[in-house]
Structures are given as C-alpha cells and as structure tokens.
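So the structure is just underneath, and the comments pick up after that.
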Amino acid sequence: MKVHPTAIVDPGAQIGNNVEIGPYSIISSEAVLGEDTIVQSHVVIESSVTIGSGNFIGHGAIIGTAPQDLSFSPERKTKVEIGNDNVIREHSTIHRGSPEGSVTKIGDHNFLMVGAHIGHNCEIGNHVIIANNCLLGGHVRADDQAFLGGGSVFHQYMRVGRLVMVQGNSRLGKDLPPFVIAAHHNTIVGVNVLGLRRAGFSANDRNEIKEAFKLFYRSGRNTSQALAEAKKMKLGAPAREFFNFVAEPTKRGICPYRGGSEEDS
C-alpha cells in the first residue's frame, strides 16, 4: 500500500494490496478498497463504500456521501458497492442509497468520465460508458454496454436498456428499450446497428431486432397488441430481450419513436 503523507485514512478502513492513495484524499472507517486500486488526490470516500479490485478513481471524486433526497435521515445505514476494473474520472460523484439498508451499485469495467453524477440507488451494469457531465437521478438503471452521451440528464426511476446509445445533451425521462438510439427530449430515433455489429451480434439477430423495433414502434399497434403479436413470432434471445423489457411494469413509461430510421447507426 502506498499512501501519501497528506492523505487521511481511518484505521478502520480495509485496504487491499498494492493500493495507492494520493494527496489530501480522505478514506472513511467503513470503506473497503480492493487490491490494485488507484485513488488520486482530493478524493473523498465516505461512509459504507465497498470498491473491488483494479479500479481507478480520479482527482476530486466523491463517493458515498449522503443522497440528495429531502426524505433522507443521516442515521440510515446505506451503501455504495462498486465492482472491479472501473475508471471513475475527475470530480465524479456517487451517492449512497436513500432507503434504509439500500445500495447504489456499479458493476465491472465501467467508464465514468469527468463530472458524472450517479444518484442514490442507481444500478449501473457492466461495460457502461457515462460521458462527461451526465446526471443520473435516483434509482436510474443502466444495463450492460449502454453509452450515455455527454451532458445528458436522466430522470429518477427510469431504465436504460442494454446497448442503448444516447446522444449528447439529451433529456430523458422515459424508459429506453435495449438496442435503441435516443436523442433530444424523450426521443428514440432508431436501432443502434453499429453498436450491435461492434458487440458481435449476428446478422440474423440484428435483423430480428429491427423487426421487433418495427413491430413495437412503426406498425401502428399499441403496446398490448404489439406484445401479443410478438408472442406468435419465432424470435431469438436478443429480440425477446427487447419485448421482455417493454413488457415490464414501469414507473416512467416507454420512450416514444419520433422519426429517424431503424437503419440508423
């Protein structure tokens, strides 16, 4: 372990092998830092935060502070749990859960760029990219391999499906089904074809996802009718994933399609 003389590390903190802690950083008594993690300068890790191995935490990041929730009581025991091999760049903020016993979760191999904000009780999957100055309200879920463009804002309780691509400076308050491109204000413009290709989806799976998109968004059917029609179709797992997502009960509703093409990439 390499700790700068100006850092403050509580004796109760659990620090793994080969951890580096930079100047003026503060690590609380309840913190757990896995091996080979780098914490740069002026980082604050407060309250109950568990961080896995191989993470990089940039200058000025703040993790585990109280949620921005007027109903929160300081005596509540809540947590942040972060997996392995994440990059959390400068001045990112990650707040702990709000309800008693709850957790804000970040998986593995994620990239949070400068100034990203992860609100209380968010759940971030794996290989998610959250670009500069994105703001995620409380209870937002972002599934694996999503890309959230810089400066975008996400309303509390909304869901972002797998391999969704969000254009920068978007404002989203409704759920985004997997494999779509979202832009502007609650607008879906097409299928993330390029992302599917890069992720190794077969031509057949890509075509089935396009057909699922057409049925749900461009056939003139309402949600119930589209789901009923989808049950009759022989579809592989990715297209079924699309329909399973839109069939789940939701607090926010599903984001509408407003132009573009299912061929968009």
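The values are calculated or read from the model by the stated rules, or taken from the named source; none is laboratory data. No experiment lies behind these values; they were computed from the predicted model shown. Heads up, the Cβs are rebuilt from the backbone with ideal geometry, glycines too, and the neighbour counts pull from every protein chain shown. For the accessible areas, the whole protein counts, side chains as well, though only heavy atoms, and no ligand, DNA or RNA atoms are used. Shrake-Rupley method; radii C 1.70, N 1.55, O 1.52, S 1.80 Å.
Only one entry in Glu229, Glu241 is within 17 Å of Val160 (Cα to Cα), open to solvent by less than 80 Å² (accessible area, probe 1.4 Å) and either in contact with a His (Cβ under 8 Å, 6 or more places away or on another chain) or not in a loop (DSSP other than H, G, I, E, B) (or both), namely Glu241. Considering (1) at positive phi; (2) modelled with pLDDT under 95, the lone condition that Asp264 does not fulfil carries the number (1). When Leu172, Leu163, Leu136, Leu196 are checked against the criterion of being within 20 Å of Met113 (Cα to Cα), touching a helix residue (DSSP H, G or I) at 6+ places or on another chain (Cβ under 6 Å) and of a type in the set (A, V, I, L, M, F, W, C), Leu163 stands alone in meeting it. Quick check on segment 183-220: of everything there that is touching a Gly at 6+ places or on another chain (Cβ under 9 Å), in a strand (DSSP E or B) and open to solvent by less than 60 Å² (accessible area, probe 1.4 Å), which residue is nearest to Val246 (Cα to Cα)? It comes out as Ile188. Scanning segment 66-85 for residues being open to solvent by less than 10 Å² (accessible area, probe 1.4 Å) and farther than 24 Å from Tyr24 by Cβ gives a total of 1. Residues to consider are Ile106, Ile63, Ile88; find the one that is within 19 Å of Met1 (Cβ to Cβ), touching a residue at least 12 places away in the same chain (Cβ under 8 Å), open to solvent by less than 50 Å² (accessible area, probe 1.4 Å) and not charged (D, E, K, R). Being within 19 Å of Met1 (Cβ to Cβ), touching a residue at least 12 places away in the same chain (Cβ under 8 Å), open to solvent by less than 50 Å² (accessible area, probe 1.4 Å) and not charged (D, E, K, R) holds for just one of Ile106, Ile63, Ile88, which is Ile63. Scanning segment 15-31 for residues that are surrounded by fewer than 17 Cβ atoms within 10 Å (Cβ to Cβ) and more than 19 Å from Phe56 (Cβ to Cβ) turns up just one, Ser29.
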